[in-house]
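Everything on this sheet refers to the single structure shown next.
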Amino acid sequence: MPNSMRYCQTCRLTLHKRGFKRHTLSVVHRKAKLIRAMLERNCITHAEIARRIGLTRERVRQRALQMGFADGRSRHAICRMERRRKKMAEFFMEAQKRGFAVEPLGTTSAYINGKLCVQRKACWHYIGKSEHKYTYVSIRQPEGRFDICAWKLPDGRFLILPKKLAGFKQTTFNPKEGGLQGTDSSSHYYREYIERWSLLGRPRRVEHPLT
């Protein structure tokens, strides 16, 4: 660029050096700075920016594209995705930490490696006292469509079951090794599916040892 020319990073304009100072003091430049600041900080619509700074929505859209930001529809999709990620259930956040690709659909459902996964609540209660105290977990069959369902256990681990093993209406089992298997004698094998992350397939990257 010739020494007589200056480039405005905010407005993405090349100006003559003598007019550059005047440009940086202009209303056009100041509003461009405001538009950039709002687009960088918030999931905010072009209409809301226009209302705040006194421009038309179309003018804000043009300036945003000129400054290199995505169009309004793409930004809204990104914002929705980010809001969903912040509200994701613990199972999906843990899956992300382990390197799985998570595409949230809502707070309790997401696609992980192409599998429709849901997280549901587990109820637990304790029987006995002191050394004879046992923990029992009660789980219900998930409603709706799913490929994998996960229940968070009292100790923070997850019971991860494929749909073919979730044909029960409700069942109860003891997640700890011991002589008492639970009220349903067939449900003790669910222990084998605690932290069975391999049901989700291969992670994109490995950050923690997987079960």
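The values are calculated or read from the model by the stated rules, or taken from the named source; none is laboratory data. Nothing here was measured: the structure is a model prediction, and the numbers come from that model. Reconstructed Cβ throughout: ideal geometry from the backbone, glycine too, with neighbour counts over all protein chains shown. For accessibility, only protein heavy atoms count, side chains too; no ligands or nucleic acids. Shrake-Rupley method; radii C 1.70, N 1.55, O 1.52, S 1.80 Å.
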Is it the case that the range 27-39 has a residue that's under 24 Å from the mean Cα position of the chain (by Cα), open to solvent by 80 Å² or more (accessible area, probe 1.4 Å) and either at pLDDT below 80 or of a type outside the set (F, W, Y) (or both)?
no
Here the residues within the range 143-159 that are touching a Lys or Arg at 6+ places or on another chain (Cβ under 7 Å), closer than 17 Å to E90 by Cα and free of Cβ contacts under 8 Å to residues at least 60 places away in the same chain are I148, C149, W151
Output for Cβ contacts, cut-off 9 Å, separation at least six or different chains, first residue without any contact (Cβ under 8 Å) to a residue 12 or more places away in the chain and among the β-branched types (V, I, T) in the range 34-51, second assigned to a helix (DSSP H, G or I) and open to solvent by 10 Å² or more (accessible area, probe 1.4 Å), reads I44/M38; I44/R52; I44/R75; I44/C79
>> I'd like to check something: does the range 53-72 contain any residue that is open to solvent by less than 60 Å² (accessible area, probe 1.4 Å), touching a residue at least 40 places away in the same chain (Cβ under 8 Å), at positive phi and touching a Lys or Arg at 6+ places or on another chain (Cβ under 8 Å)?
In response: yes
Filter the range 181-197 for residues that are assigned to a helix (DSSP H, G or I), of a type outside the set (F, W, Y) and open to solvent by less than 70 Å² (accessible area, probe 1.4 Å); the one that is modelled with the highest pLDDT is R191
Of (1) charged (D, E, K, R); (2) at pLDDT 80 or above; (3) open to solvent by 80 Å² or more (accessible area, probe 1.4 Å), E48 fails just (3)
All conditions in (1) part of a loop (DSSP other than H, G, I, E, B); (2) at pLDDT below 70 are true of E131 except (1)
Restricted to the range 86-128 and to residues being open to solvent by 70 Å² or more (accessible area, probe 1.4 Å), more than 16 Å from L159 (Cα to Cα) and among the basic types (K, R), the residue modelled with the highest pLDDT is K97
Scan the range 32-53 and tell me whether some residue there is more than 24 Å from I78 (Cβ to Cβ) and out of contact with any strand residue (DSSP E or B) (no Cβ under 9 Å at 6 or more places or on another chain). no
Selection from the range 166-180 of residues of a type in the set (S, T, N, Q) and either at pLDDT 80 or above or open to solvent by 60 Å² or more (accessible area, probe 1.4 Å) (or both) yields Q170, T171, T172
